[in-house]
Amino acid sequence: MTAQETAPVSAGRGEPLVVLSGVQKHFGQLHALKDIDLTVTRGEVVVVIGPSGSGKSTLCRTINRLETIDEGTITLDGQPLPAEGKELAALRAEVGMVFQSFNLFAHKTILENVTLGPIKVRGMKKEAAEKKARELLERVGVGHQAEKYPAQLSGGQQQRVAIARALAMEPKVMLFDEPTSALDPEMIKEVLDVMVDLAEQGMTMIVVTHEMGFARTAADRVVFMADGAIVEENTPEEFFTNPSSDRAKDFLGKIL
Ligand code: ADP
Ligand code: MG
């Protein structure tokens, strides 16, 4: 697969693509996102790390509007996120999301899992959708599993299908929320390899992960969150060798 096919947004690299400005989110009394300002540029790979409960998942979920925000603005490619209807469905296609749990449809084949969105949301013809799906499944290394059902695949294979499914929608940005946390150790690398490949192809990515090897090799920038706020952000080299905040030092001391 060519870079063009997997990274339709590679033109305009470096321009702002996802912009969060003054974003506030509460869950009742809990201030889950505190005045978040974050600009992710086209082609950039941003790794978000931080302790459990710091708001990483909530941050991801606001970007495809699985969560609403109380204050502030979020734009994708210069447009505010749509609130509802067809526009919201289109947004969810443009913001590909891969979760910890693979969330494949259990009663559909691997191929059907990948073609469903393009046919329903993008209005693609079945044959074209299947051709593209097979290419993507090949690309993530599960081309020979297309006719199987999710339960017949390993966790690592299912997660790679989940990535192919998101890519089939030709997203502008891919969000990964701890995509390898539920995997057995021997399967983590095969998923990270696909993500590294995607990053090298120029995909814009926001990745929540505890895989510091991935952050070091693939991230353009590391964003460290604690208690709902962005505490510090830097290049991976700087962040890992020379964290400036006590919170980050403390966190790195525990995980490295
Ligand atoms: P992280 O992904 O960094 O572990 P989360 O974004 O999942 O953190 O959660 C941030 C905080 O918001 C946590 O205290 C969590 O319990 C709380 N939270 C998340 N989602 C909800 C929700 N739907 N309702 C109430 N509280 C929530
Ligand atoms: Mg989380």
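The values are calculated or read from the model by the stated rules, or taken from the named source; none is laboratory data. Source: prediction; values computed, not measured. Methodologically, a virtual Cβ is constructed for each residue, glycine included, from the backbone with ideal geometry; neighbour enumeration extends over all protein chains shown. Just so you know, the surface numbers come from the protein's heavy atoms only, side chains and all, with ligands and any DNA or RNA stripped out. Shrake-Rupley method; radii C 1.70, N 1.55, O 1.52, S 1.80 Å.
Can you give the accessible area per residue of the stretch 106-219, in Å², using a 1.4 Å probe? Walk me through the numbers on the way to the answer.
Working: 4860 Å² over 114 residues.
Result: 43 Å² of accessible area for each residue.
Multiplying the residue separation of Ser245 and Lys126 by 0.36 nm and subtracting their alpha-carbon distance yields 37.6 nm.
How far, in degrees from 0 to 90, does helix 85-94 lean away from the longest principal axis of the Cα atoms of the chain, to the nearest 10? In the chain, helix 85-94 runs at an angle near 80 degrees to the longest axis. Dividing the helix sum by the residues of the chain, where each DSSP H run of 4 or more adds -39500 (n - 2.57), gives a mean residue ellipticity at 222 nm of -11500 deg cm²/dmol. With the simple model of a label 7 Å out from the Cα in the direction of the Cβ, Ala90 to Asp37 spans 3.1 nm.
Quick one: length gained pulling Lys148 to Asp197 fully straight, 0.36 nm per residue minus the C-alpha distance?
Values: separation 49, 0.36 × 49 = 17.64 nm, distance 2.48 nm.
Once the chain is fully extended between Lys148 and Asp197, it gains 15.2 nm.
So how much slack lies between Ile255 and Gln24, counting 0.36 nm per residue of separation and subtracting their Cα-Cα distance, in nm?
So the extension gain works out to 80.3 nm.
What size of dipole, in debye to the nearest 20, comes out for the stretch 169-235 about its Cα centre when the only charges are +1 on Lys and Arg C-beta atoms and -1 on Asp and Glu C-beta atoms?
Details: 4 positive and 14 negative charges, 39 e Å.
That gives the stretch 169-235 a dipole magnitude of about 180 debye.
Computed with a 1.4 Å probe on the full set of protein chains, the accessible area for His31 sits at about 70 Å².
Helix 110-120 and the longest principal axis of the C-alpha atoms of the chain enclose an angle of approximately 80°. For the chain, a Gaussian network of Cα nodes joined below 10 Å ranks Gln79, Gln24, Gln145 by mean-square fluctuation, and the top entry is Gln79. Relative contact order of the chain: what whole-number percent is it, with Cα pairs under 8 angstrom and at least 6 residues apart? RCO, the chain: 26 percent.
Summarising the amide proton neighbourhood of Val231: residues at separation of 5 or more, or on other chains, whose placed amide H is nearer than 5 Å comprise Phe224, Met225, Ala226. Could you tell me what percent of the accessible area of the chain is made up of carbon and sulfur, with a 1.4 Å probe and every protein chain present? Carbon plus sulfur share of accessible area: 49 percent.
Students often forget the sequence filter, so: which lysines lie under 24 Å Cα-Cα from Lys56 once same-chain residues fewer than 8 apart are removed? Straight-line reach from Lys56, under 24 Å: Lys25, Lys34, Lys172, Lys189, Lys249, Lys254.
Which of rounded, prolate, oblate describes the stretch 103-256, given a ≥ b ≥ c as roots of the alpha-carbon gyration tensor eigenvalues and a/c under 1.5 marking rounded, otherwise prolate only if a/b is larger than b/c? Prolate.
Summarising the label geometry, the points placed 7 Å from Cα in the beta-carbon direction at Asn103 and Leu66 lie 0.4 nm from one another. The charge dipole of the chain, taken about its Cα centre with unit charges on the Cβ of Lys, Arg, Asp and Glu (plus for the first two, minus for the last two), comes to roughly 800 debye.
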